[in-house]
Amino acid sequence: MNIRRQFLALLCLLPVAALAVPYAPAPAGAAGFTPGKDYIELATPLPTSTGNQLEVREFFYYGCSHCYDLERPLEAWLKRKSADTTFVRTPAVLSPRWETLGRAFYVAEELKVLEKVHAPLYHALHVKRERLDSQEALRAFFAGHGVQAAQFDAAWNSSRVNLAVKNAGALAKKYMIQGTPTLAVNGKYVVPSNGERTFAVVEFLLGKERAARAGK
């Protein structure tokens with residue numbers, strides 16, 4: 001099975017070096033979902049950051065139209081997800097070109113304005129067609145949402161944001177992320193986006209994790 005070819009067909013891609021971490025071979029599917037197509041199981045599970053909570057992590061890129069399209073079904077899922085599940089956003093820093101908008105995400109987190117700028121940033125890029133591909137352009141965008149230039153620049157160049165960007169890139173490599181949007185379920189499964197069906201797959205995999213915890 002050529003995993004890279006399947007991701008090329010399903011995801012918004014850029015060239016990324018192939019990594020040596022293998023995926024586990026998958027058994028026959030269940031609930032109408034096909035292993036290797038609807039989801040892929042990692043050969044070696046990765047640690048999560050959500051403690052006892054189940055984790056769903058989205059690898060995204062603000063400049064990706066498929067990520068923008070996924071926002072509506074994602075927000076609908078967030079309203080109905082179970083209380084035992086925590087959702088985590090991770091900008092996919094897959095290249096230096098993608099780092100700028102990934103850094104913008106962590107600047108927003110650092111300044112505690114992520115909820116205020118997340119949706120408008122997608123809107124500016126994909127509806128208004130603004131070019132937000134530099135620190136200067138993003139400084140102006142953030143200023144339009146009440147962030148002073150000095151605050152923005154301090155966060156942009158801060159060690160915390162630098163480390164967050166570095167860690168995001170490293171995590172994308174560990175998950176073998178080839179493009180966006182891609183979801184990871186509890187450090188074990190990688191789910192390429194397929195519209196609203198994506199979250200049916202996510203719920204199926206969360207169910208597998210709950211059953212495993214219960215020893216079923």
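Read-outs: derived from the displayed coordinates by stated rules, not from any lab. In this text the structure is predicted, and so the values were computed from the model without any measurement. Every residue, glycine among them, receives a Cβ derived from its backbone with ideal geometry; neighbour counts consider all protein chains shown.
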(request) Tell me which label goes with the value of Rg/Rh (Cα atoms, Kirkwood Rh) computed from the coordinates here: [x] 0.97; [y] 0.95; [z] 1.03. (result) [x]
(request) Would you mind ranking Lys166, Lys208 so that the residue whose beta carbon has the fewest other beta carbons within 10 Å leads the list? (result) Lys166, Lys208
(request) Using a 10 angstrom cutoff on alpha carbons, build the Gaussian network for the chain and name the most mobile of Gly63, Gly195, Gly102. (result) Gly195
(message) Please list, ordered by chain and number, the residues whose modelled amide H lies under 5 Å from the amide H of Phe60; skip anything fewer than 5 residues away on the same chain.
(response) Thr90, Ala92
(message) Amide H of Ser193 versus every other amide H placed in the peptide plane: which residues, excluding those fewer than 5 positions away on the same chain, fall under 5 Å?
(response) Leu183
(message) Could you give each residue of segment 155-160 its phi-based ³J(HN,Hα) in whole Hz, using Karplus coefficients 6.51, -1.76, 1.60 with θ = phi - 60°, and x for Gly or Pro?
(response) 5, 4, 9, 6, 5, 5
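Counting other C-beta atoms within 10 Å, which of Val201, Val88 has the fewest, and how do the rest follow?
Values: Val201 23, Val88 14.
Listing Val201, Val88 from fewest to most nearby Cβ atoms yields Val88, Val201.
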(message) Ignoring everything except DSSP H segments at least 4 long, calculate the 222 nm mean residue ellipticity for the chain; use -39,500 (n - 2.57) per segment, divide by total residues, nearest 500.
(response) -15000 deg cm²/dmol
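Antiparallel versus total DSSP beta bridges in the chain: what percent is that, nearest 5?
Expressed as a percentage, antiparallel bridges in the chain total about 60.
Out of the GluC sites (Glu not before Pro) in segment 107-216, which ones are loop residues according to DSSP with at most 16 other C-beta atoms within 10 Å? Don't skip to the answer; put the middle values down first.
Details: sites: Glu109, Glu110, Glu115, Glu130, Glu136, Glu196, Glu203, Glu209; in loops: Glu130.
Here the sparse-neighbourhood loop sites are Glu130.
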(message) Give me the dipole magnitude in Debye, nearest 20, for the chain about the Cα centre, with unit charges on the beta carbon: positive for Lys and Arg, negative for Asp and Glu.
(response) 320 debye
(request) Determine the sum of side-chain charges near Val56: Lys and Arg each +1, Asp and Glu each -1, restricted to other residues whose C-beta is under 12 angstrom from that of Val56. (result) -1
(request) With springs only between Cα atoms under 10 Å apart, run a GNM on the chain and tell me which of Ala108, Ala140, Ala92 wobbles the most. (result) Ala140
(request) Based on other C-beta atoms within 10 Å, arrange Leu171, Leu183 from fewest to most. (result) Leu171, Leu183
(message) Amide H of Thr86 versus every other amide H placed in the peptide plane: which residues, excluding those fewer than 5 positions away on the same chain, fall under 5 Å?
(response) Leu54, Glu55, Val56
